[in-house]
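A short write-up of the structure that comes next.
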Amino acid sequence: MCGIVGYIGTKQAAPIILDGLSRLEYRGYDSAGMAVFDGKKIDIQKSAGRLKILENLTRGGESMPGVCGIGHTRWATHGAPSDANAHPHFNKAETIAVVHNGIIENYLQLRKKLTGKGYQFVSETDTEVLAHLLDYYYRGNPLETVTKVLHRVEGSYALGIMFADCPDQIFAARKDSPLIVGENEDGCFIASDVPAILKYTRKVYYVDNHEVVRLRADHMHFYTVDEEEIEKEAVTIDWDANAAEKAGYEHFMLKEMYEQPKTISDTLTPRVKGKDVVIEELNMTDDELREIKKLHIVACGSAYHAGMTGKYVLEGLARIPVEVDLASEFRYRDPILEEGAMVIVISQSGETADTLAALREAKSRGFRVLGIVNVVGSSIAREADNVMYTWAGPEIAVATTKAYSAQLIALYLLAMKLGKARGKISDKLFASLLTDLRRLPDQIELLLNNKLRIQKFANRYIGAKDIFFIGRGIDYAISLEGSLKLKEISYIHSEAYAAGELKHGTISLIEEGTLVAAVSTQPDLYAKTISNMVEVKARGAFVLAVTCEGNKEIEKAADYVIYIPETNPYFANSLAIIPLQLFGYYVAVGKGCDVDKPRNLAKSVTVE
Ligand code: M6R
């Protein structure tokens, strides 16, 4: 959460910083600000609200001259979204400015200590202590001051810092919050994420924990927190710069839904060799795969929902017991990991604080961790023992669609690989699973082309108070994701239930006309789910069914049916989720919601 950008070079800094921040708004968007050295002093402009306000305030950055600056877009943790709490923060003399992503955990102690020394605070943020602490230690050597401060703070940070009396340099530092630096012939950049600077450079360096960077217009130097200079290797980013643009779509979310066929092919194709699935990144022999006794899948949000589907598929195809945990629970519940277990963490951003902590917990106990990650070079990707990348490209909309779909594919491939190595899948079944996997992109395309019908249906529910999703087995996992998509962007209350569980209490919420979306893609469970549909219908619900072509029986119990093409039941999630994503999207659009940036959320949740 929170995005930081910095620039020092030969061009005007403010427009570059604003442009970078606009690509990081997905990380937080309740206030924004910039600090630029204008030739004499550091000028700060900041405001509560969207980045647009800061853009207007500074006329697109034009009113802030200077070639050196830092900027920030905020997702509030300490203190409400207000002008005063917006970053950057100053010391009293307004000679040191700081932007920060993360949480300073010992800020109350530091604040007390600094207050005792006469420092006055103007914000409620944890970040302001950094500005005053830098001031407290500053004796003319900025690098020494930054490292001294870093030795005294606890918590997580990605920082951009500037000193008025050293306007030819800016500083960056990192611990547990993402940070990259980059360079081109015009200057050097700081950013929380690649899209912020992709327009300017593809040559970036991933800053590691406890590292400090001194950036000048024409070069940068890396240091440890003990001021020892270190060498780092640049990475060339090969993303298509257009991938982070809307390309004519009304929203990133719609564009990303439409990218799902390609995402699936990109995640699948490199791992299918002839008639086999080859996952080189696993770096495990078939003997080692056979020795795995149990899998623990750990993730948050939609990645957790992908993990839920993964459980059904892995248990079904590879016959390995799988436990799925929310990362925020796993990290504190002292989980029992027995010999032979392997941990799989799933994350689009690769920066989710709880998932990263769960990974560290598992590694500290000596367990192998496989990361299923989208962002190359992210913290989880770097710390996991093995990484299976989901090649979804940059995902900008806060509500995930294509990255979730790619996670499913990675899990299917893993299940097939394990199932085959363990002798649980016959050659015939394996071949037919591969055929079905390869058909998914075209089938998704078909479903996306049916969007008008779903849009019309969605328009009827713009005023809904509650919407329920039900399903059994894999369909329950799909329901969880369908419900999350709807509620996070449309603000309509929604719950997902295992279809058989609703009658144990929640069915009392069903009223005349309440929409219940019943997902029924598992032929073995058709009859059971129909019974649950009938139960809610008898209490006044309007039942929308999402089922497979050919399941005509369902029309007797449903009021409205969306059919998905035929596939292996293990892969049905990849198809059934498409109409549910479209439904959530069109309800939110119909309500006039800010689809790509829903209230209170951020794309990358780097606080616990
Ligand atoms: O980057 P991650 O996959 O680790 O993020 C996990 C969740 O924060 C994320 O899936 C979240 O639930 C999305 N808003 C869902 O659309």
The chain: antiparallel DSSP beta bridges as a percent of all, rounded to 5: 60
Quick check for you: with a 1.4 Å probe and neighbouring chains kept, what is the accessible area per residue of the chain, in Å²? 37
Segment 3-238, relative contact order in percent, only Cα pairs under 8 angstrom and at least six apart counted: 20
Order of 489-497, 275-283, 344-352 by packing, highest average Cβ count within 10 Å first? 344-352, 489-497, 275-283
Gain in length, His504 to Arg319, computed as 0.36 nm per residue apart minus the alpha-carbon separation, to one decimal in nm? 63.6 nm
Phi to ³J(HN,Hα) by Karplus 6.51 cos²θ - 1.76 cosθ + 1.60 over segment 474-481, Hz, x for Gly, Pro: 4, 5, 5, 4, 5, 4, 4, 6
With the Cα gyration tensor of segment 450-593 in hand, convert its eigenvalues to equivalent ellipsoid semi-axes via √(5λ) and list them largest first in whole Å. 21, 18, 13
Carbon and sulfur atoms: what percent of the 1.4 Å accessible area of the chain do they account for? 49
Stokes-Einstein D (µm²/s) once Rh is taken as the Kirkwood radius of the chain over alpha-carbon pairs, at 10 °C in 1.306 mPa s: 63
Could you list the square roots of 5 times each eigenvalue of the Cα gyration tensor of segment 467-508, that is, the equivalent ellipsoid semi-axes, sorted largest first and rounded to whole Å? 18, 13, 4
Pull up all non-local amide H partners of Glu211: gap of 5 or more, or a different chain, and H-to-H distance under 5 Å with H placed in the peptide plane. Arg174
For segment 3-238, the Cα-Cα pair-distance distribution in 10 Å bins from 0, as whole percents, is 9, 37, 40, 14, 1, 0
How big, in percent, is the set of alpha carbon pairs in segment 158-301 lying more than 26 Å apart? 50
Quick one: Debye curve from the alpha-carbon atoms of segment 335-404 only, equal weights, vacuum; give me log10 I(q)/I(0) at q = 0.12, 0.14, 0.25 Å⁻¹ to two decimals. -0.30, -0.41, -1.05
Report the relative contact order of segment 343-416, percent, no decimals, based on alpha-carbon pairs under 8 angstrom and at least 6 residues apart. 27
Using 0.36 nm per residue of separation minus the Cα-Cα distance, give me the extension gain between Glu280 and Thr435 in nm, one decimal. 53.7 nm
Taking only C-alpha pairs under 8 Å that are 6+ residues apart, what is the relative contact order of the chain in percent? 12
Can you list the HN-Hα couplings for segment 264-274, worked out from phi with the Karplus curve (6.51, -1.76, 1.60; θ = phi - 60°), rounded to whole Hz and with x for Gly and Pro? 5, 4, 5, 7, 7, 3, x, 9, 10, 10, x
For Trp239, enumerate residues with amide H under 5 Å from its amide H, sequence gap 5+ or separate chain, H modeled in the peptide plane. none
Return the sequence-ordered ³J(HN,Hα) values of segment 175-189 in whole Hz as given by the Karplus equation 6.51 cos²θ - 1.76 cosθ + 1.60 applied to θ = phi - 60°, using x for Gly and Pro. 8, 6, 10, x, 7, 10, 10, x, 8, 9, 5, 9, x, 10, 10
If we sort 567-573, 513-519, 198-204 on the protection proxy, mean other Cβ atoms within 10 Å, highest first, what's the order? 513-519, 567-573, 198-204
What is the Cα radius of gyration of segment 379-485 over 2.2 N^0.38 Å, N being its residue count? 1.35
If I model a spin label at Ala234 and Glu94 as a point 7 Å from the Cα along the Cα→Cβ vector, what separation in nanometres do I get? 3.7
Need the full-extension length gain, Arg139 to Glu566, defined as separation in residues times 0.36 nm minus the C-alpha distance. One decimal, nm. 146.7 nm
For Ala496, residues with placed amide H under 5 Å, excluding near neighbours: Phe469
Can you give the Kirkwood hydrodynamic radius of segment 242-446 from its Cα pairs, in Å with one decimal? 17.2
Once label points are set 7 Å from the Cα along Cα→Cβ at both Arg360 and Glu553, what is their separation, rounded to one decimal in nm? 5.2
Given the DSSP H assignment, sum -39500 (n - 2.57) over each helix run of at least 4 residues in the chain and divide by its residue total; what's the result at 222 nm in deg cm²/dmol, nearest 500? -10500 deg cm²/dmol
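The values are calculated or read from the model by the stated rules, or taken from the named source; none is laboratory data. From a predicted model like this one, the values you see are computed outputs, not experimental measurements. In this analysis, Cβ positions are derived from the backbone assuming ideal geometry, glycine residues included, and neighbour counts consider all displayed protein chains. All accessible areas refer to the heavy atoms of the entire protein, side chains included, with ligands and DNA or RNA removed. Shrake-Rupley method; radii C 1.70, N 1.55, O 1.52, S 1.80 Å.
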